[in-house]
1. Could we say that residue 178 is modelled with pLDDT under 95 and not basic (Lys, Arg) here?
2. Is at least one residue of the stretch 184-204 hydroxyl-bearing (Ser, Thr, Tyr) and surrounded by fewer than 15 Cβ atoms within 10 Å (Cβ to Cβ)?
3. Which of the following residues is under 21 Å from the mean Cα position of the chain (by Cα), of a type in the set (D, E, K, R) and farther than 30 Å from residue 114 by Cα: 44, 68?
4. Tell me, which helices (runs of 4 or more DSSP H) wholly within the stretch 39-134 include 3 or more residues that are surrounded by 14 or more Cβ atoms within 10 Å (Cβ to Cβ) and among the small types (Gly, Ala, Ser)?
5. Looking only at the stretch 205-218, how many residues end up being modelled with pLDDT under 95 and either crowded, with 22+ Cβ neighbours inside 10 Å or among the hydrophobic types (A, V, I, L, M, F, W, C) (or both)?
6. Run residue 137 past the list (1) at pLDDT 95 or above; (2) open to solvent by less than 50 Å² (accessible area, probe 1.4 Å) and report the number of the one that doesn't hold.
7. Take the residues in the stretch 160-178 that are outside any helix (DSSP H, G or I) and over 22 Å from residue 101 (Cβ atoms), then tell me which one is most open to solvent (accessible area, probe 1.4 Å).
Amino acid sequence: MLFDLDDTLLDHRGAARDALLAWSSSQRPVPDPDDRETRWTLLESKHYRWFQSGALTKEEQRRARVREFLAPQVFSDSEADDAFAEYWAAYVEAWRPFPDAVPALRRALGQGLAVGILTNGDAADQRRKVRATGLGELGIPVFASSELPAAKPDPRAFAAACAALGAAPGECLMIGDSLENDIAGAQNAAMPAILLDRYGRHRGVSVQRVTSLDELRFDGPDR
């Protein structure tokens with residue numbers, strides 16, 4: 001069984017929102033509060049995809065996000081690095097798991113299931129999140145795209161994680177919040193999948209859907 005990390009187990013979007021509010025309010029001029037969260041989220045998605053593809057390094061995509069977000073200010077590489085470091089420090093401070101995360105993982109482990117976390121991103125950063133939020137105390141392995149043959153939704157990411165758990169893809173359930181990365185990716189790897197739709201944005205989808213990890217029991221059809 002595989003769980004996504006960001007916005008499935010860890011409240012990435014909430015932490016990013018809190019960090020953005022603290023960080024952007026200290027910038028001059030202050031970014032427009034009415035659209036800063038939307039703009040930052042779009043820039044994060046845009047440039048992180050370039051990082052995942054190998055077109056940008058982790059540092060380069062961070063600099064690009066800062067430069068676009070705070071334009072027309074002009075930043076040298078070191079200035080952009082410093083600016084992003086301020087955001088990152090606030091983001092780290094805001095990390096927290098969703099209340100239903102640890103109980104769900106414990107239930108799955110209690111059923112004797114092999115459980116892992118499959119996440120896109122830098123392995124060191126993602127494992128740091130797991131440790132900092134208490135998820136690491138469960139001893140669940142983390143499979144991050146920087147150490148895999150590819151990133152989600154590429155089927156190779158799922159196949160590699162399943163193999164590390166000692167399971168074939170068809171025997172391994174994927175649970176995540178992204179229709180593209182988690183659900184379609186898993187299905188293309190011949191894996192069953194459950195969509196976590198915490199905010200009711202995907203009503204009517206043709207895949208199994210839950211709005212909380214508390215709904216998962218792992219002792220019947222979920223298993």
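The values are calculated or read from the model by the stated rules, or taken from the named source; none is laboratory data. Computed from a prediction, not measured in an experiment: that's the story for all the values here. Cβ atoms come from the backbone with ideal geometry, glycine included; neighbour counts cover every protein chain shown. SASA here: full protein model, heavy atoms, side chains in, ligands and nucleic acids out. Shrake-Rupley method; radii C 1.70, N 1.55, O 1.52, S 1.80 Å.
1. No.
2. Yes.
3. 44
4. 77-93, 101-110
5. Qualifying residue count for the region: 3.
6. That leaves (2) as the condition not met.
7. Applying the filter and picking the extreme gives 166.
Conditions (1) among the hydrophobic types (A, V, I, L, M, F, W, C); (2) at positive phi, marked per residue:
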residue: 112; (1), (2): no, yes
residue: 115; (1), (2): yes, no
residue: 128; (1), (2): no, no
residue: 131; (1), (2): no, no
residue: 141; (1), (2): no, no
residue: 148; (1), (2): yes, no
residue: 164; (1), (2): yes, no
residue: 168; (1), (2): yes, no
residue: 173; (1), (2): yes, no
